[in-house]
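One structure is given here, and the rest of the page talks about it.
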Amino acid sequence: MTVIDARTREAALDRLGAQRYDVVVVGGGVTGAGVALDAASRGLRTALVERVDLAAGTSRWSSKLVHGGLRYLAKGDIAIAWESAVERHHLLTAIAPHLIHPIATLLPLDEGTSPAMGALAETGIRFADTLRMVRRTPARLLPRPRRVSAQDALLLAPSIDPDGLRGAIVYWDGQLEDDARLVTAIARTAAAHGADVVTHAAASEVREDALTVTDERTGRSIDVRARVVVSATGVWAGDLEPQLAVTPSRGTHLVVRSSALGDLRAQLTVPVPDHFGRYVFAMPQTGGLTYIGLTDDPAPGVDGIAPPVPEEDVDFLLSVINRGLARPLTRDDVVGRFAGLRPLVTPATSEAKGAMPTSDVSREHLLLDEPGRPLTIAGGKLTTYRRMAQDAVDAAVARLGRDEPCRTTRIPLVGAADERTLARIDAPRHLVRRYGTEAAAVWALREQAAWLGEPVVPGRPTIGAELLHGVLAEGALTPEDLIERRTRLSLVDADVPAAREAAQRALDLAGAGSRPAKRRGRSVERRGRLHRRPRWPRRIVEQRAVPRSGRIVDRDGAGRRSQTAQPIMIVQRVERPQMQQPRPPVRPDRRIARRAGAGAVEIGRRPPVRARLDAHPLGPQREQLDRHPVRARNHLHIAIAVQQHHRRLGRPAARIVDAGEAAVRQRIGRRRRPA
């Protein structure tokens, strides 16, 4: 398991002042974390610094949708719609299938929607589905749109007004379980590829190849050297780049109990009067809550961390959503509210600045690459974060004079796995939806204390173990980190006091407290002790979930027996950094040295075959080697020997992996017999 905690943060702070990085990223939102992952996966020495916490700004205030850009089609912006469809495909199929799930969206055809407008809306929806088919996103993930009867529409959304209802259009899109959790997963995956992630550290005096980082918890200042600095600061991008004009646009959401809307089974859309292509959504969430949003209004000079919600936004959202409901919502139904600022960007010299409403400003991202200045990436939207990161790192690689291709379309985030693997995990379903393959480890934390297995707040699914996991593995340092970003308990105002108390208990139990630890490697006191992880960190190269033999009984959060499931075993292939003290010499294995070539004379300690065999990427030879486990073991040793030889020569990580696979393919080719 990849860990970011108080100790790894201290170690990263020490390295910031002691070495020069290839890329330093300023900003810990979804774009900054994506840039760090892209750079680290290309073999660049990477660091990320964030003033507050991961996903502290706009990235946690989204609508939790990974959509295909239907709204942009209504404005004729086909390029952004296509880019959104492409990135949605990567997220659903490879990057984060555990965090992103299909959701049905219901567009009622009632008295407020004329037949002509309904036909036009259906045309746009079917064109968006054509983009899905062109990108080959499977229909099992996102079914084709269709018309349903009024009776079926009421089954999906019992709260809609049946008077004048002719039917509805149903189409499918991607729903994100938690946007802040996506950012955390991206940052931890970047750390697994060798990036240093430091939160609660402010960047100042940012230049092309250097910056000053100040630890917000101790006041310590560090001069950081870098070959390339990338600014990914969202609505604050204009503070570091004077050539950029950022227009913040406020998107407000209301939080209501799902029961107030009849427990929607689909996302409900209601058109905004006199605004073609603009809608207010009622988006059901796990945990019994529904979000209603969103607005799109200019918000200059507003706090980007926690923007206030104006009363006129509340009135606007309630008035629009009530147009489609049988029982109107009132302010008493609103249990929480939140807003985020979209960083809409234009060049500072643009004559169109401020000439159009923010709802009409393009959502394209902008990359500024000026000689003698840091790289700046801004704008865009959550769905396209990976493409934004790729463009920024492509520019950084060009500055470095290197040729390293992007690989992030094929890199799964921590916890990612296919549906069958996730179905076999022995943990409550709500944990699997949030943590993927790590759900079993989070569920096991309840054994440390009784309260860890209980809901933090009655009626909410979040348990105490999730708070403890946020401290031990996800870099949370304060109660706010836990209740606002590692979990979303703060979205309901009445739940905040109990959630804050539980968060402090988790910090005390983990030994983090509200101040940084003064000693490294100390144990945490609690009847037995929560033992710290090994002092020498590990870099996880690959993680897979494989089935074990036998069967178990799955249990839900209430301890009741449910369906049977096959247990799994998490297998990791890791690399450990070289210790300060050299290891004792190991006698070369001549047999392996002969097979791998004259260059691989010493291979060091043999890797544990049982732990690494299934995790090694043998590509198309996987099926053949599964039938010959002994041969697979030998091929694995050959690949490791060749890879270590290339690693000693200082070659990039991609060439090291390719060299190992090439050695395996060459040997398999020699062993094949003609038909």
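The values are calculated or read from the model by the stated rules, or taken from the named source; none is laboratory data. Treat the numbers as computed from the prediction; the structure is a model and nothing was measured. In this analysis, Cβ positions are derived from the backbone assuming ideal geometry, glycine residues included, and neighbour counts consider all displayed protein chains. Heads up: the accessible areas ignore ligands, DNA and RNA and are worked out on the full protein's heavy atoms, side chains in. Shrake-Rupley method; radii C 1.70, N 1.55, O 1.52, S 1.80 Å.
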Query raised in the report: Which of the residues belonging to the range 436-460 are under 21 Å from residue 416 (Cα atoms) and not charged (D, E, K, R)?
Result: 436, 437, 439, 440, 441, 442, 443, 444, 445
Report summary line: Per the filter on the range 120-132, residues buried (at least 22 other Cβ atoms within 10 Å of the Cβ) and among the hydroxyl-bearing types (Ser, Thr, Tyr) are none
Query raised in the report: Is it true that residue 247 is of a type in the set (S, T, N, Q) and under 23 Å from the mean Cα position of the chain (by Cα)?
Result: no
Report summary line: Per the filter on the range 1-25, residues within 14 Å of residue 225 (Cβ to Cβ) and assigned to a strand (DSSP E or B) are 20, 21, 22, 23, 24
Requested in this report: Give the number of residues within the range 38-70 that are assigned to a helix (DSSP H, G or I) and open to solvent by less than 10 Å² (accessible area, probe 1.4 Å).
Outcome: 4
Query raised in the report: Pick from the range 74-114 the residues that are of a type in the set (Val, Ile, Thr) and open to solvent by 40 Å² or more (accessible area, probe 1.4 Å): which of them is farthest from residue 323 (Cα to Cα)?
Result: 93
Report task. Could you figure out which of (1) of a type in the set (Asp, Glu); (2) more than 30 Å from residue 233 (Cβ to Cβ); (3) crowded, with 17+ Cβ neighbours inside 10 Å isn't true of residue 313? Result -> (2)
Query raised in the report: If you check every pair at least six apart or on different chains, which have Cβ atoms under 8 Å apart with a residue in the range 260-288 that is small (Gly, Ala, Ser) first and a residue that is assigned to a loop (DSSP other than H, G, I, E, B) and open to solvent by 30 Å² or more (accessible area, probe 1.4 Å) second?
Result: 262/158; 277/75; 287/461; 288/459
Query raised in the report: If we keep just the residues of the range 450-465 that are of a type in the set (A, V, I, L, M) and either open to solvent by 20 Å² or more (accessible area, probe 1.4 Å) or on the phi > 0 side of the Ramachandran plot (or both), which is modelled with the lowest pLDDT?
Result: 450
Report summary line: In the range 454-472, anything touching a residue at least 24 places away in the same chain (Cβ under 8 Å) and assigned to a helix (DSSP H, G or I) is listed as 464, 466, 467, 468, 469, 470, 471, 472
Query raised in the report: Does residue 295 count as surrounded by 17 or more Cβ atoms within 10 Å (Cβ to Cβ), at pLDDT below 90 and touching a Lys or Arg at 6+ places or on another chain (Cβ under 7 Å)?
Result: yes
Requested in this report: Using the structure shown, decide if residue 260 is touching a Lys or Arg at 6+ places or on another chain (Cβ under 9 Å), open to solvent by 10 Å² or more (accessible area, probe 1.4 Å), not in a loop (DSSP other than H, G, I, E, B) and not aromatic (Phe, Trp, Tyr).
Outcome: yes
